[in-house]
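Below is one structure; the comments refer to it alone.
The values are calculated or read from the model by the stated rules, or taken from the named source; none is laboratory data. Source: prediction; values computed, not measured. Positions of Cβ are generated from backbone atoms using ideal geometry, with glycine treated the same way; all protein chains shown enter the neighbour counts.
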């Protein structure tokens, strides 16, 4: 989440009036993340999240993203539903950009998860995968391993080296992981971005999973590997927490047991997950406008995770 576009009070009040949620009381920009503009909206009837789609979002994908929220919510998953406007539309246009109003869910994102919380996250992710099996719409992964390798190869060594001298060497690693990628694992709708700040917790329970704007049809084990890489390390990717990683896998297994081929593929899937965030963070570092209200994230945080998974192999996923 971030704020690229600034909306005045009159614009926001006029927009909120198109929804049956009561009058606007307050709106606060959310300066987190890197892809969309977001506001915390309070009206006479409650709280909501307003999103304006800025980057990496094809408007043709909005029926998939917003319909998925409603589909998963109806099946008991801890995800926010879309608030439809007075005409029944799930999204509107404003200033040439698409906007959507989303249900606000209570809870807090944790910086240092416990094993019990990680177990709950694994179980919640498995529930999403099972619920998504009968979702009617499909979307390809626009940030898959082939695209990751292409993104890194797009920048010359000098540009990548300006971020960190190690980064140019990751280009060849991405090509190698792409060439070793498994192609026949069980698939469903996947979140593919389930960082701790995209999960809301109430104690040890998951109260909400948010920011589904990278969701796509993908190998379920890959989504678990993305989550493992996001939850099992400190913020800099320097220290691995085996108890957290094991609890996450155990929680997933309790709802949807992994197949043998999925479990065997986890090391390369985790390397691909890390490379995805190395590539996207490098791209944001080099291409994000300097006046955007957004904090650039260090791609080296995921280079360190990448190196860990390459060295640890299957041991990274031991219970």
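Annotations
- Condition broken by residue 264, with the remaining ones in (1) surrounded by 20 or more Cβ atoms within 10 Å (Cβ to Cβ); (2) out of contact with any strand residue (DSSP E or B) (no Cβ under 7 Å at 6 or more places or on another chain) satisfied: (1)
- Filter result (over 19 Å from residue 53 (Cβ atoms) and touching a strand residue (DSSP E or B) at 6+ places or on another chain (Cβ under 8 Å)) within the range 190-201: 190, 194, 199, 200, 201
- Checked against the criteria, residue 272 does not count as assigned to a helix (DSSP H, G or I), touching a helix residue (DSSP H, G or I) at 6+ places or on another chain (Cβ under 9 Å), surrounded by fewer than 22 Cβ atoms within 10 Å (Cβ to Cβ) and modelled with pLDDT of 95 or more.
- Qualifying residue in the range 107-119 (condition: farther than 25 Å from residue 283 by Cα, without any contact (Cβ under 8 Å) to a residue 60 or more places away in the chain, surrounded by 14 or more Cβ atoms within 10 Å (Cβ to Cβ) and out of contact with any helix residue (DSSP H, G or I) (no Cβ under 6 Å at 6 or more places or on another chain)): no
- Residue match in the range 252-260 (condition: part of a helix (DSSP H, G or I), free of Cβ contacts under 8 Å to residues at least 60 places away in the same chain, over 14 Å from the mean Cα position of the chain (by Cα) and surrounded by fewer than 17 Cβ atoms within 10 Å (Cβ to Cβ)): yes
- Given (1) in a loop (DSSP other than H, G, I, E, B); (2) surrounded by fewer than 17 Cβ atoms within 10 Å (Cβ to Cβ); (3) touching a residue at least 24 places away in the same chain (Cβ under 8 Å), number of the condition residue 146 does not satisfy: (1)
- Listed conditions (1) at pLDDT below 90; (2) under 26 Å from residue 134 (Cβ atoms); (3) surrounded by fewer than 17 Cβ atoms within 10 Å (Cβ to Cβ) are all met by residue 67, apart from (1).
- Among the residues making up the range 176-195, those that are in a helix (DSSP H, G or I) and either more than 23 Å from the chain's Cα centre (by Cα) or buried (at least 19 other Cβ atoms within 10 Å of the Cβ) (or both) are 176, 177, 179.
- When residue 217 is tested against the conditions (1) farther than 20 Å from residue 265 by Cα; (2) outside any loop (DSSP other than H, G, I, E, B); (3) touching a strand residue (DSSP E or B) at 6+ places or on another chain (Cβ under 7 Å), the lone failure is (1).
- Filtered residues of the range 76-89 (kept if within 23 Å of residue 194 (Cα to Cα) and part of a loop (DSSP other than H, G, I, E, B)): 76, 77, 78, 79, 80, 81
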